[in-house]
């Protein structure tokens, strides 16, 4: 059965990750949703609205509303006489609205679709058309310089065209956002947060650390947490915090849920929380009669030590007996085998969370041990997996690799179980140890832990025939010396091609001197793209972190920047 009480944050999370294309922004926005219910509701409704075929005025009105709320919470924080929790929440909510508008005017499916429609309408001339628009609607950054903007195009653009009007609105708000952030928001929020949290004021990511603290403070008010909420948290790079609060097994289940694998209805009692039967009975649907009560220690199911079999778990437990078995699971941190394991491996003492799952007797159950992302060993037996794990039966075994014919292997709904588990490994991007079962003719996952960490190829060599691809943002094809800068404070030689992680207004003096620009992140509507179109220099963005690391070690090499097609290549004699 399905748990019907779906929390608003879970619905919003799905909308965010399906609509906002910048993962970093999506995560920041989602953290903000946890600390302010009104913001969470706004995000959900505004994404739903932008998914429709909106006209340009409606889009502008939506952006005005978001910016108005950014200012509202900014002023509430600024005008507060004391720096307290309410003040902190106000400035963080202001930032959340700011990031939401950042996502909407540059990093979401709405503007991706808009650019695609512009491409279709104007075909190969789309970059030139957009460049013409950019030169007529200059950003404040360029207006503040004495750079002469040269317009080589005949003005044949219909500025009443809805596509062009929408693009102009996006560009206008890009400019407003930059000015508001650098002139008002940045220094104030950083100063306020450092005063509010002096003990962590030197942290590199102070804002996210404070948001994370507040989110877990809110969640930990509950004695029983549903796996859907933990699954949302698992999308936010908060593994250690999740494990510390809910244990390793809960984290594994949350990751399975986050990739849409089917798992039993699951709740978690956090570390150091005690519940009564009355509290459990109120939360867990009355229709469920039998349960699995599983350990989820904060040192369990990790990447190095699995603690397999060290703690106690119980199957087929009656509703009336839940509390006594929760106590048994918690007390298993005192058993002798665990003490020996901890002493042998010089590990810390565990803290125990408890996983409560709906139990049904499966048709088959099994395990999977991955060898790499495409291979592994499958073992299974009839009924539940207790006898398999305990070694009471000799399981059936399948070896999955590229050389073996698995035509007679275990299937469900015309799909091989082995292939399904390989697909889950690929989605999780790690080699996996799974426990699974077949129930009601469906593959249901019971546990995930990583087997090992894949060894990455650390070679930084770029072959002579390799091409790096990014997003073409400003047209042109040039050849020049590559110069990588980590920050705008470093010096830049005029006429070089600028290579950077990202640009903002502080980079403008270098961009004016550059022959072309390449950035690791950003899209068609990012700062680098807009400024380069205004300056009439080629620009490719969004080449990614791996590519920029490879290019950065070729500093001063000659590269060919084909910004018409979004391609960067290194001249062969430079390799």
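The values are calculated or read from the model by the stated rules, or taken from the named source; none is laboratory data. Here the structure is a predicted model, which is why all the values come from computation and not from measurement. Neighbour counts run over all protein chains shown; Cβ positions are idealised from the backbone, glycine included.
Every residue in region 73-84 that is in contact (Cβ under 8 Å) with a residue 12 or more places away in the chain and either in a helix (DSSP H, G or I) or not assigned by TED's automatic domain parsing to the domain that holds residue 38 (or both), please.
Those that are in contact (Cβ under 8 Å) with a residue 12 or more places away in the chain and either in a helix (DSSP H, G or I) or not assigned by TED's automatic domain parsing to the domain that holds residue 38 (or both): 73, 74, 76, 77, 78.
Of all the residues that make up region 26-63, how many are in a helix (DSSP H, G or I) and either touching a strand residue (DSSP E or B) at 6+ places or on another chain (Cβ under 9 Å) or within 26 Å of residue 236 (Cα to Cα) (or both)?
25
Take the residues in region 500-523 that are surrounded by fewer than 24 Cβ atoms within 10 Å (Cβ to Cβ) and assigned to a loop (DSSP other than H, G, I, E, B); name whichever of them is modelled with the highest pLDDT.
Out of the qualifying residues, it is 515.
Tell me, which helices (runs of 4 or more DSSP H) wholly within region 301-412 include 1 or more residues that are modelled with pLDDT of 70 or more and more than 25 Å from residue 440 (Cα to Cα)?
322-331, 336-345
Looking only at region 231-286, which residues are assigned to a loop (DSSP other than H, G, I, E, B), over 17 Å from the mean Cα position of the chain (by Cα) and within 22 Å of residue 434 (Cβ to Cβ)?
Result: 261, 262, 263, 264, 265.
Looking only at region 526-543, which residues are surrounded by fewer than 24 Cβ atoms within 10 Å (Cβ to Cβ) and either under 17 Å from residue 115 (Cα atoms) or free of Cβ contacts under 8 Å to residues at least 60 places away in the same chain (or both)?
Within region 526-543, 542 is the sole residue that qualifies.
For region 534-563, give me each residue that is within 21 Å of residue 129 (Cα to Cα) and at pLDDT 90 or above.
537, 538, 539, 540, 561, 562, 563 - these are the residues of region 534-563 that are within 21 Å of residue 129 (Cα to Cα) and at pLDDT 90 or above.
When you check residue 132 against the structure, is it under 25 Å from residue 75 (Cα atoms) and surrounded by 14 or more Cβ atoms within 10 Å (Cβ to Cβ), yes or no?
Against the criterion (under 25 Å from residue 75 (Cα atoms) and surrounded by 14 or more Cβ atoms within 10 Å (Cβ to Cβ)), residue 132 does not qualify.
Just to be sure, is residue 214 in a helix (DSSP H, G or I), under 21 Å from residue 106 (Cα atoms) and in contact (Cβ under 8 Å) with a residue 24 or more places away in the chain?
Here the answer is no, as residue 214 does not meet what is asked.
Go through region 489-513 and give me each residue that's touching a helix residue (DSSP H, G or I) at 6+ places or on another chain (Cβ under 9 Å) and within 20 Å of residue 547 (Cα to Cα).
Scanning region 489-513 gives 496, 498, 499, 500, 501, 502, 503.
Could you tell me whether residue 206 is assigned by TED's automatic domain parsing to the domain that holds residue 81, under 30 Å from residue 84 (Cβ atoms) and in contact (Cβ under 8 Å) with a residue 40 or more places away in the chain?
For residue 206, the condition - assigned by TED's automatic domain parsing to the domain that holds residue 81, under 30 Å from residue 84 (Cβ atoms) and in contact (Cβ under 8 Å) with a residue 40 or more places away in the chain - is not met.
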